[in-house]
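Novice: Pasting a structure here, questions to come.
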Ligand code: NDP
């Protein structure tokens, strides 16, 4: 039984770095990378960012796919992945902290008119402009899982009125929690900022179409750190042109990297960050080695995904 690390990325963390960390934490583990693969039939677990179509064909004894992150849509949605192959994701603590900070930062940027004051400074102009009072501001958080619940708590602790939305009922101190499809327009109509941190599933893809964008509060801000396919980007541009919502802050887009000729780049109502809100993994790489040991021992896996539900 061997563990293959295959991120396919060059701008984040290397396969060798992950392999070294797993071997440091679990000495003696048979960890391979594409350059040290050997016999593909040895591989029982693969750690990936996204699953290639040929992984299941190349690795005939695959039992577990470990996502090096949280969003598993390219894995659970892969039609070539045999039904017996299990899927796990990483512990979300470090990305949850980062994403909650990202939401707080971009909500506060708006509240405190930061871009306005920076522009005024460059003109050497002293222009007082009243900040928006946080206790009068309603912030909605869509998705109240590991990351959304942490974000909702952090936003509440800053002083905002916080509403949350999920599929099933939730209780979070200080947060007004709604659930189910019918409750979403009700929430959107009340929020000055909407922070989306939903997984990509058949139910969430395209959820923010022209009709849903139109029920947001005029001038409100839509922030998305979940997955880009939540939003119909053509409809978003039209909606921004009409002022509802007034601004969008996108850490994720339908196509990543976002092509340089995409109109989102130049739109004055759009701020883009390149999928960096949940950058840090913290201690989560330990999950990779731990799940490999658990797989070998037949023990319950850490952070196993419900393949049928999609997250
Ligand atoms: P979780 O699985 O812990 O939580 C998902 C939440 O979304 C749950 O509250 C769930 O509701 C809710 N949800 C799912 N489907 C629906 C629906 N149809 N209607 C209403 N609510 C729904 O995930 P995480 O919080 O850990 O992560 C969320 C997503 O964030 C990931 O799937 C990933 O795509 C993205 N992500 C982005 C990162 C970045 O760097 N930008 C980094 C990490 C993650 P319920 O609780 O009722 O099941």
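Novice: Taking the condition more than 12 Å from the ligand (Cβ to nearest atom), touching a residue at least 12 places away in the same chain (Cβ under 8 Å), over 22 Å from the mean Cα position of the chain (by Cα) and outside any helix (DSSP H, G or I), does residue 135 pass?
Specialist: So residue 135 does not fit the description; no.
Novice: Here is a follow-up. What's the total number of residues in segment 227-248 that are more than 17 Å from residue 271 (Cβ to Cβ) and within 23 Å of the chain's Cα centre (by Cα)?
Specialist: 5
Novice: List every residue pair whose Cβ atoms sit under 9 Å apart, with the two residues 6 or more apart in sequence or on different chains, where the first one lies in segment 227-245 and is in the same structural domain as residue 197 (by TED's automatic domain parsing) and at positive phi and the second, anywhere, is surrounded by fewer than 20 Cβ atoms within 10 Å (Cβ to Cβ) and assigned to a loop (DSSP other than H, G, I, E, B).
Specialist: 243/218; 243/219; 243/269
Novice: Can you name the residue in segment 178-201 that is more than 9 Å from the ligand (Cβ to nearest atom) and part of a loop (DSSP other than H, G, I, E, B) and is also surrounded by the fewest Cβ atoms within 10 Å (Cβ to Cβ) among such residues?
Specialist: The residue in question is 182.
Novice: Continuing with the same structure: Inside segment 61-91, can you point out the residues that are out of contact with any strand residue (DSSP E or B) (no Cβ under 9 Å at 6 or more places or on another chain) and more than 18 Å from residue 8 (Cα to Cα)?
Specialist: Across segment 61-91, the qualifying residues are 77, 79, 80, 82, 83, 84, 91.
One line per residue, one yes/no per condition, for (1) within 24 Å of residue 186 (Cα to Cα); (2) in contact with a strand residue (DSSP E or B) (Cβ under 6 Å, 6 or more places away or on another chain); (3) buried (at least 18 other Cβ atoms within 10 Å of the Cβ):
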| residue | (1), (2), (3) |
| --- | --- |
| 112 | no, no, no |
| 122 | no, no, no |
| 125 | no, no, no |
| 133 | yes, no, no |
| 139 | yes, yes, yes |
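The values are calculated or read from the model by the stated rules, or taken from the named source; none is laboratory data. Because the structure is predicted, anything quoted here is derived from the model rather than measured. Reconstructed Cβ throughout: ideal geometry from the backbone, glycine too, with neighbour counts over all protein chains shown.
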